[in-house]
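What follows is a short report on a single structure.
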Amino acid sequence: MAIKSKGEPADTSAVLRLGAALESSESSRQDLATALAHERTLLRTMIDLIPAFIYAKDVGSRFIAMNAALARNMGTDPDAAIGKTDFDFFTPDLAKKFYSDEQALIKSGQAIRDLEEPGFDQVTGKPRTVVTSKVPLHDVNGEVIGIIGVGFDITERKMAEQRMAAGEKLESIGRLAAGVAHEINTPIQFLNDSIYFIREAMQDLMAHNTKLTATLAAMLPTPPEVDEEIEDLKVELPPALDRMADGLARIAEIVRSMKEFSHADQAEKSPVDLNRAIKSTLVIASTEYKYVADVVTDLAPDLPLVTCHGGQINQVVLNLVVNAAHAIGDVVKGTPNKGKITVRTRVEGGYVVISVSDTGGGIPESIRQRIFDPFFTTKEVGRGTGQGLSIAHNAIKAHGGTFEFDTEVGKGTTFRVRLPVEAAEREASAA
Ligand SMILES: Nc1ncnc2c1ncn2[C@@H]1O[C@H](COP(=O)(O)OP(=O)(O)OP(=O)(O)O)[C@@H](O)[C@H]1O
Ligand SMILES: [Mg+2]
């Protein structure tokens, strides 16, 4: 075959064998054919073994060869693809892009190196990210007669990088939040001290005022007029101080939750009271749900400590609660109604189970298979990125747990996280 990439070193063993075969007479034609077939099989097997997409196309961008990995990805087989173009496999937009890149390459002779571009898995129907290099294919006279391309599927690596970046971002936000919470604690403390002082001082002042009024009354021939304003203050000041103390207690509770929720996740697992973690998470998430739903908790009083990465489980619960609030929000939007989010914990067959139920619209059948996929979202930009359930799924898997859901369109959804208790108890008692 005349097709050979320019500058490619000759395969000496093949040449020698071919030369030897040519030297012999008619009977050696058989040897020549066998040697060629052998070389072909050898090359084919090697190329098929490479976990990259390898292909050659003619000047019209028609496939003249492809390896098994690419054929698998395109849902075809290498022989059936010959003569076809990307328009037979990809969306018109994608095929047009590949075609114009290749035509430019054929015209200029300029190779494309390590170009990150979108790809598509025809079998699963999912988008992929591929790093592609394409070089011109020359004939023996140096004429460009097509292209040779190699593509590496880097989808998983990219996702891992994005997950890591998202994790790092959360971690630094968490550290900042924990720092802010710590800072707020100090002024809360002295406000509390001051309220205590004012309450005491006021009681003293009032007692003093009452005594003074009585003394004056005893000294004067006619009792002095009752000062209405002071009498009103005596009634109004104590509840005002109570409200201040109440407000401060609430701020302290929010700050404590913030600190607990965002306290940086240690590299090692540690025993966590998940009921307490859930309560903190619900305080943190309250702005997300309080206008659309009431939250009911049903937390098992005998829940054992679970040895886990508390920060990760907090993130899982937070995402489930926010998802529930969004699902309810979509249903109650424009009405005065509120939905209900129920968060439960219980011990079940060696597992701690956390469930989050909502009275939202449920998950339509058509997307149930995809909700755990990274970046799958039905929400508009800014409301969701489609990472919550995928990150949650990975975190729970890494804890040896399971993650499942029940849903009914028009009724609502329950997500259930099951984390093993046994491992927790073993690790906890060893500590
Ligand atoms: N409780 C629920 N009720 C109805 N649909 C849900 C529920 N939870 C998840 N979904 C569906 O699953 C999709 C994926 O959820 P996921 O938490 O992974 O991403 P997201 O909420 O869209 O974005 P992110 O969590 O990254 O902010 C959602 O966009 C939504 O369509
Ligand atoms: Mg979410």
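The values are calculated or read from the model by the stated rules, or taken from the named source; none is laboratory data. Computed from a predicted model, the values in this text were never measured in an experiment. Ideal geometry is used to build each Cβ from the backbone, glycine not excepted, and the neighbour counts take in all protein chains shown. Protein only, heavy atoms only, side chains kept; ligands, DNA and RNA dropped before computing areas. Shrake-Rupley method; radii C 1.70, N 1.55, O 1.52, S 1.80 Å.
Some values worked out for this structure:
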read-out: Some residue of segment 122-133 being surrounded by fewer than 11 Cβ atoms within 10 Å (Cβ to Cβ) and at positive phi; value: yes
read-out: Which numbered condition GLY412 misses (of (1) surrounded by 17 or more Cβ atoms within 10 Å (Cβ to Cβ); (2) within 15 Å of ligand 2 (Cβ to nearest atom)); value: (2)
read-out: Residue that is in the same structural domain as ILE148 (by TED's automatic domain parsing), within 18 Å of ILE145 (Cβ to Cβ), surrounded by fewer than 19 Cβ atoms within 10 Å (Cβ to Cβ) and touching a residue at least 40 places away in the same chain (Cβ under 8 Å), where the choices are ILE64, ILE82, ILE112; value: ILE64
read-out: Any hit, segment 384-396, residues being within 11 Å of ligand 1 (Cβ to nearest atom), open to solvent by 80 Å² or more (accessible area, probe 1.4 Å) and closer than 29 Å to GLU161 by Cα; value: yes
read-out: Residues of segment 285-316 classified as crowded, with 20+ Cβ neighbours inside 10 Å, among the aliphatic types (A, V, I, L, M) and more than 12 Å from ligand 1 (Cβ to nearest atom), total; value: 4
read-out: Whichever residue in segment 357-374 is touching a strand residue (DSSP E or B) at 6+ places or on another chain (Cβ under 9 Å) and in contact (Cβ under 8 Å) with a residue 60 or more places away in the chain and, among such residues, is surrounded by the most Cβ atoms within 10 Å (Cβ to Cβ); value: ASP358
read-out: Residue match in segment 336-350 (condition: near ligand 1 (Cβ under 8 Å from one of its atoms) and either out of contact with any helix residue (DSSP H, G or I) (no Cβ under 7 Å at 6 or more places or on another chain) or of a type in the set (S, T, N, Q) (or both)); value: no
read-out: Enumeration of residues in segment 71-94 that are under 30 Å from the mean Cα position of the chain (by Cα) and modelled with pLDDT of 95 or more; value: none
read-out: Failed criterion for VAL381 (all others in (1) open to solvent by 40 Å² or more (accessible area, probe 1.4 Å); (2) at pLDDT below 95; (3) under 23 Å from VAL347 (Cβ atoms) hold); value: (3)
read-out: Test for PHE405: is it over 23 Å from SER270 (Cα atoms), assigned to a loop (DSSP other than H, G, I, E, B) and within 15 Å of ligand 2 (Cβ to nearest atom); value: no
read-out: Scan of segment 134-150 for residues that are open to solvent by 20 Å² or more (accessible area, probe 1.4 Å) and either within 21 Å of ILE47 (Cα to Cα) or not small (Gly, Ala, Ser) (or both), ordered by number; value: VAL135, HIS138, ASP139, VAL140, ASN141, GLU143, VAL144, ILE145, ILE148, VAL150
